[in-house]
Amino acid sequence: QVRLVESGGGLVQPGGSLRLSCAAPVSFFSSASMAWYRQPPGKERELVATILPNGFSTYDESVKGRFTISRDNAKNTIYLQMNSLKPEDTADYYCNRVLDGRPIYSWGQGTQVTVSS
């Protein structure tokens with residue numbers, strides 16, 4: 001069973017930045033498509049960003065231009081650089097491997113991001 005470990009969350013003021021990390025001991029990580037999801041309080045989990053093995057990335061419209069997903073294949077880690085944070089970005093953030101657009105592993109514990117003044 002793959003254990004995904006997210007970290008880097010915290011409390012930040014609107015307009016601030018955070019960098020999330022996800023350690024993913026996935027076999028053949030370099031050939032895996034990976035993604036960040038988030039679950040706002042009281043809402044369903046939603047896809048935030050995806051990165052393909054070739055580095056191509058896609059984003060939800062709500063974060064485009066503010067968030068950047070990246071990967072370090074040598075460390076089996078993906079990152080989410082979040083800038084210009086807004087209160088509506090408040091959520092628990094999770095990573096997962098995706099296949100045919102769907103997450104395939106059990107969810108990790110996530111990392112909590114709170115944007116508030």
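What to note about this one:
- Unique match (being over 17 Å from GLY10 (Cβ atoms) and either at pLDDT below 95 or within 12 Å of the chain's Cα centre (by Cα) (or both)) among GLY110, GLY101: GLY101
- Residue within the stretch 94-104 that is open to solvent by 50 Å² or more (accessible area, probe 1.4 Å) and aromatic (Phe, Trp, Tyr) present: no
- Index of the failed condition, PRO53 passing every other in (1) over 24 Å from ALA91 (Cα atoms); (2) under 12 Å from the mean Cα position of the chain (by Cα): (2)
- Looking only at residues of the stretch 1-16 that are open to solvent by 60 Å² or more (accessible area, probe 1.4 Å) and assigned to a loop (DSSP other than H, G, I, E, B), we find that the one that is modelled with the lowest pLDDT is GLN1.
The values are calculated or read from the model by the stated rules, or taken from the named source; none is laboratory data. Nothing here was measured: the structure is a model prediction, and the numbers come from that model. Positions of Cβ are backbone-derived with ideal geometry, glycine not excepted, and every protein chain shown enters the neighbour counts. Heavy atoms of the whole protein, side chains included, go into the accessibility calculation; ligands, DNA and RNA do not. Shrake-Rupley method; radii C 1.70, N 1.55, O 1.52, S 1.80 Å.
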